[in-house]
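Values in this text are rule-based calculations from the coordinates and carry no lab data. Note that the coordinates shown come from a computational prediction; the quantities given were computed from them, not determined experimentally. Cβ: placed from backbone, ideal geometry, glycine included. Neighbour counts: every protein chain shown.
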Amino acid sequence: MRRFELTPEQDQLQRAARGFAEKRLPVAHLRGLRDSHDPLRLSRALWREMAHLGWAGIAVDEAHGGAGLGLLELGLVMEELGRTLAPTPLLATSVIGATALAAGGEAVRAHLPALAAGERLVALAFEEERRFAPYTCRTTAHHASGGGWVIDGEKVFVLDGPAADLLVVVARVSGEPTDRNGLVVFAIDRATVGVDLQPLSMVDSRGVARIRFSSVAVPSADVLGEPGKGADLLDRLLSRATAALCAEMLGASDAVFHATIEYLKQRHQFGVAIGSFQALKHRAAHMFCELELTRSVVRAALVAIDRASPDAETLVSAAKARASDTFLLTSSEAVQMHGGIGVTDDLDIGLFYKRARVCDLTLGSSAYHRDRFARLGTGS
Amino acid sequence: MRRFELTPEQDQLQRAARGFAEKRLPVAHLRGLRDSHDPLRLSRALWREMAHLGWAGIAVDEAHGGAGLGLLELGLVMEELGRTLAPTPLLATSVIGATALAAGGEAVRAHLPALAAGERLVALAFEEERRFAPYTCRTTAHHASGGGWVIDGEKVFVLDGPAADLLVVVARVSGEPTDRNGLVVFAIDRATVGVDLQPLSMVDSRGVARIRFSSVAVPSADVLGEPGKGADLLDRLLSRATAALCAEMLGASDAVFHATIEYLKQRHQFGVAIGSFQALKHRAAHMFCELELTRSVVRAALVAIDRASPDAETLVSAAKARASDTFLLTSSEAVQMHGGIGVTDDLDIGLFYKRARVCDLTLGSSAYHRDRFARLGTGS
Amino acid sequence: MSRSASDEEFRAEVRAWLQANCPASMRTPFLPGDEVWGGRRRTFPSDDARIWFERAVERGFTVPSWPKEYGGAGLSREQARILDHEMRAMGCRSPLISFGIWMLAPVLMEYATDEQKAEHLPAIARGEIRWCQGYSEPGSGSDLASLATRAVLHGDHYVVDGAKVWTSHADQSDWMFCLVRTDAEGPKHDGISFLLIDMTTPGITTRPIPLISGSSPFCETRFDGVRVPARNLVGREGGGWQIAKKLLEHERSIISVMRDRAPEEAESLPAMLKRCGDASLRDRVIQAELDFLCNRLTLERTAEAAKAGRGPGAASSMFKLYGTELNKRRKELRVELAGYQGLGWEAPGFEPGELQITREWLRSRANSIEGGTSEIQLHIIAKRVPGLPD
Amino acid sequence: MSRSASDEEFRAEVRAWLQANCPASMRTPFLPGDEVWGGRRRTFPSDDARIWFERAVERGFTVPSWPKEYGGAGLSREQARILDHEMRAMGCRSPLISFGIWMLAPVLMEYATDEQKAEHLPAIARGEIRWCQGYSEPGSGSDLASLATRAVLHGDHYVVDGAKVWTSHADQSDWMFCLVRTDAEGPKHDGISFLLIDMTTPGITTRPIPLISGSSPFCETRFDGVRVPARNLVGREGGGWQIAKKLLEHERSIISVMRDRAPEEAESLPAMLKRCGDASLRDRVIQAELDFLCNRLTLERTAEAAKAGRGPGAASSMFKLYGTELNKRRKELRVELAGYQGLGWEAPGFEPGELQITREWLRSRANSIEGGTSEIQLHIIAKRVPGLPD
């Protein structure tokens, strides 16, 4: 069975996404949000445009106004958005949010049509440590005396938190702070009393928040999945999110690599294009190979999740380890090979370099996923 | 206080050793021992010549016929022997053996003059695992009913074992197989009943043996140090041996690097010397830097032991980690840069490459010593 | 491609034939030295190997898709695919390992005269003649086009003088396909011709070159006034470089194929790691496993793309580079994991499997040199990166 | 060198002077922004910094070994060494950080006329004039000799047109020492001259270039018909390249010195590792620490050799290359160890020390580019490896 070749429809989707990113979401868009200190760090208007193109609800089922497509399709769009470092809610809302809400009851699923319409943005609040530790959770959920739940705690590094309307929040009903068991997941309206969100200014200029929950009351209808078994849902969300992030990193790596090749061709020193220097050529060839390998494993991971293959988790970790390393490599080499102007803010290269460092830590570093890859069994 | 500059006497010693190695112990000597399947894998006659030059007893005190010099002087000779991959008993006999015997009683120290004269060769038998694990010891030492001790067990990877007259043997009097406590060290004549030595054919063509001890009777006078505290002596032997081995690796790395540079200069492809290709030049420059750093840390380690500096052990592990890596790098690059003939046995390059792999594992790999370096405190 | 009913009939037929004709012992992975190379002095590691070879030759299955007149089975592309699939499924060994089939034959098919084809192809198909290649020379390694072995036409013979190195198994081969210089003037690429040389011709001497691994798969071959009939020229005089370039691409794939057919490793890296207990090697083992997986996926992706009529330009160089560098890393890790037992040269004191670890490590060092060094592959890849100046 | 009795007297004397004159707060490591750079528009981070600066200037201790006529203290080599040793032992800060002292002055000492020396050296010594350098241009990075800023002699003035980039702190400097092209014909190295330019001259505009770290230590400076008196030429016309080469060597050492004087890191890498608990980073942290130690030992060894009158030829390039690459690795490791808290750009939500980790990481990326890229250093080192062809 083929797993790498795209169908004509998928190919068309990817082309459309590329065109949209180039025209509507060039790197200048991110730069503009940064320089204007935009509080949301994304454009809701552009997101509505993307929703009209069917991308916000790509993976939402048709009954709820979506396109009912797979993670591969989401990945293709992510890859193209990665090329221009486009800050959109696609990962937080359409990859993570849509999957999370679909796991809820009718009241929760009722948010899906608005999500698919680009009107409702979601963010996942689960992290509490300085680095990815998915089950570590000190945020508590207690049964309220009058029914429903009460949430207390603090979440860090909430991706796309500043723009979110709805928060998917992980809390603990039992067990020790690092136990996998004993978690529960809620969908909580951002405007609920006791939710205190602080937007952070990150090095990659994306929207990230720290959120405090102080005696936040949540009705029982807003629980996603079964209380105590929240980790099962969380795993599913993280697995899909990681594969989609890999696609973004692949696109970004490819773009920064080609920008570097372009520079090597144009920049002259000692009377010749610097791209004719053998040492730089060999480094470019090395990057080319790394990119090809990354392309394969990222695609394989997306497809494996869609097909529920038994090796899906192994492939996801392999993809994250390699996509992280390749993005770090290509963006770091881009800075060095651009020489002096590579370290100036005048060029976009630096924005890719910063994004690579953030992407590495996001959803588990390269080292984290290499280790996970080994624990899952390396598949060889 | 200066620690890197040599005295005129040390400088002269090093020059003499270089001359001797070039004339009497070129790489062809090792090749000859290999091709003739020499059982000892070294030349006792050449060793006597070296003893006449004062090198066998370089670190033996003058009262026992030695020169009473330090480990730095031993290291300078080791470095020069490393350049030609010279197989001599210097490490096993003059670095390890001389220190071990000096820790014994009068009966044991009586061997020292013969050692300094080049007539008595020593080997240290302590390893029992597939890789360096200095305290792991299942070989037992029991008190014999008629006084003295009885030894039973098996040792692997005994360096210069095939040629040894006297074996320095580690055995266990108490404790678990991996305990640091409970060890005892003996000096045992190779010809003692129950000692069964099997020479091994190793990839680097050096003399290594596996030795079985079956109810070997040893008089109490042949115990070195205090029974149960053998690890203290063993640590001292290993520390000196490791620093001296680093000096050998440094010399070998330097030699194989310069042979490669020579080849890059002579070999022409596409109408020019291949050394003019930028990619190879950059790799050569990288090796040059690594060699300079290695030179510094190896010298610092030798001097630190001679001066009993508190950071001596840290420096020894830093030196071993770096010397291993540099020797592996320079010899591996040498093979690749020599192209086709680099993988033939016609050239000496392959012998350096094989020796580098053996040296890495000997007395603890690069990884082992990086870990030890960290555990000791990194000194920064 | 949709499968026709007759294809399914064919599948059933070959399956039955394989069941009946491929001995059980030939359905196991190769062990070292087990390959059947054919040739005038052919030997067989076992009776089963001889039987399997003879039956495959008879059926045309050493070269299934060749025309029957050249010793093939005349299979369609789809039928050949089916046969390959069935043989893999059953674990059948290749009945014949042959540079003649893999490297020379495609050249002959494209460039040779009908007389040349009739003379050589059936003998290749039937494993009667074993071929070696003569490209590299002592003075020309990566700069192949600088080759200096001269072939001067005297009447109806070329007289050949010079030397070739890295001629794999030349000492056991019957014929050599060879690049020679027929014109010493003009551009160096234009003076090269492709010549077939019978190794029994007077004036040829061959010496095996011992490698650091102890084996000697390569030879040095010298030519002193060797007279080669002019009819053994393939293609036109001076047209050898074009043929050579095609052959080098074949060779890169061969090196991958050979690695596929290499003896199975007794123990996986992670299993060795567990037994070794040296945690410090873990990260490198994981990285090697991860890269192995990614390389495998990329081979699969490239194959899919090729079926769809597309392919990355630099694919064969990329796999040559990455595959051989990765193989070196893996073989070296095996030595490190085996500890002192991975450093033996000869018994006693070392198990055969342990000695194999040592020898394969040293042998792997040649992978990144033979068939074009890693540096040359990087150069080729860089040339295919769009926009990078030459 | 044996120490004379008078040297010991001198040691006692400077020790007492430092005790009496260096304020306690000036005996602590630099914090960010604490350096005193001098110049017409000089500022001081504290009163103690001003006092220490003024007293050092008065005593000639900003340039201890210079002759008194140029504002120095006229110390012998050994006395200067003693002063340096005592200042280090006491932890005294440099009273004045100055490109004038480190880079320009050695050139003036060797090439300038007596008039030029008298005009500029005392002002440098007293921190009255702050200097910046003008070498690189938008079109000439590593290929410095291709510089295109023209200086054409009209009577007793040069008229300068062109642009310089990477002029450190040009916006805060009073004068620039500058490489200009006085001859556009002939070999490119021969048409370069070394000119001193007052930054207040009409026609000069300077713009800070923002870096990825957010800071702007470098500027772009444009010259439009800028008239520079001909007496400001140092050395002969066309002799600038020789001076430039000397200066570049100085610059490489400066970058090491600057790193030595960089603000102390709040926490060592191993300490951060312990707190971080991510075991997978351990091996890289250890390797960085190990390399740091080896680099330090090599600096020490080279210094010893230099005292003995010997030195490895490629030393300054090696330390530039290794020091900057190592610094990049260490700064990046700090970010990785700090986790999400090492990825902040601005408060709130991040401590000042955390933001410093982020900014220093990004700033370190310029180290391997400024003062000659790592690629250029590799090239220089390769040139000094005996026997390697050019």
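A few points about this structure:
- When the P(r) is computed for chain A, the part past 39 Å accounts for 15% of the Cα-Cα pairs.
- Axial C-alpha extent at least 30 Å, average Kyte-Doolittle at least -0.5 - helices from chain B (DSSP): B:230-266, B:278-306, B:312-337
- The alpha carbons of the protein assembly as shown give a radius of gyration and a Dmax of 36.4, 110 Å, in that order.
- Among B:84-91, A:320-327, B:3-10, sorting by the average number of other beta carbon atoms lying within 10 angstrom of each residue, highest first, gives A:320-327, B:84-91, B:3-10.
- Loop-resident sites, region B:208-280, for chymotrypsin sites (Phe, Trp or Tyr not before Pro), counting at most 14 other Cβ within 10 Å (DSSP): B:PHE270
- Cα-based shape type of region D:262-384, given that a ≥ b ≥ c are square roots of the gyration tensor eigenvalues and the cut on a/c is 1.5: prolate
- Across region D:358-375, rounded Karplus estimates of 3J(HN,Hα) from the backbone phi angles (6.51 cos²θ - 1.76 cosθ + 1.60, θ = phi - 60°) give 5, 5, 5, 4, 5, 4, 5, 5, 7, 4, 7, 10, 5, x, x, 5, 4, 5 Hz, Gly and Pro being marked x.
- Here region D:131-239 is assigned +1 on the Cβ of each Lys and Arg and -1 on the Cβ of each Asp and Glu. Its dipole about the Cα centre then comes out at about 60 debye.
- Phi to ³J(HN,Hα) by Karplus 6.51 cos²θ - 1.76 cosθ + 1.60 over region D:327-336, Hz, x for Gly, Pro: 4, 4, 4, 5, 5, 5, 4, 4, 5, 5
- Ordering A:CYS137, A:LEU76, A:ALA319 by the projection of their Cα atoms onto the charge dipole of chain A, which places +1 on the Cβ of Lys and Arg and -1 on the Cβ of Asp and Glu, puts A:ALA319 at the extreme positive end.
- Calculated FRET value between B:ASP235 and B:GLU154, using beta carbons and R₀ = 22 Å, to 0.05: 0.45
- Our summary of shape: the Cα atoms of chain C have principal axis extents of 70, 53, 53 Å, ordered from largest down, in whole angstrom.
- A DSSP coil position with no more than 15 other Cβ atoms inside 10 Å describes the following trypsin sites (Lys or Arg not before Pro) in region D:163-236: D:ARG236.
- Close amide H partners of C:GLU137, meaning residues 5 or more places away or on another chain with modelled amide H under 5 Å apart, are C:VAL165.
- Peptide C:335-342 - average C-beta neighbours from other chains (10 Å radius): 6
- Cβ-Cβ FRET estimate between B:VAL173 and C:SER76, R0 fixed at 51 Å, reported to 0.05: 0.05
- Average other protein chain Cβ within 10 Å of Cβ, residues B:65-76: 0
- Value of Rg to Rh for region B:122-228 (Rh from inverse mean 1/r over Cα pairs, i.e. Kirkwood): 0.95
- Nonlocal amide H pairs with C:THR149, under 5 Å, H built at 1.01 Å: C:ALA163, C:ARG181
- Of the three principal axes defined by the Cα atoms of region B:8-116, the extents in descending order read 41, 37, 18 Å.
- Mean partner shielding of peptide A:268-280, defined as the number of other chain Cβ atoms within 10 Å of each residue Cβ, is 6.
- Based on the Stokes-Einstein relation at 37 °C and a viscosity of 0.692 mPa s, and on the Kirkwood radius from alpha carbon pairs, region C:311-363 is assigned a translational diffusion coefficient of 268 µm²/s.
- For peptides A:200-212, A:157-169, A:14-26, sequence by mean Cβ density within 10 Å, most packed first: A:157-169, A:200-212, A:14-26
- Residues with amide H under 5 Å from that of B:GLY148, placed H, sequence gap 5 or more: B:SER220
- Distance from region A:208-285 to region B:324-380 (C-alpha centre basis), Å: 37 Å
- C:SER65/C:ALA5 FRET efficiency (R0 22 Å; Cβ-Cβ; nearest 0.05): 0.60
- Scoring C:30-43, B:122-135 by mean Cβ neighbours within 10 Å over their residues and listing the highest first yields B:122-135, C:30-43.
- If you count Lys pairs in region D:262-384 whose Cα atoms are under 17 Å apart, skipping same-chain pairs closer than 8 places in sequence, the total is 4.
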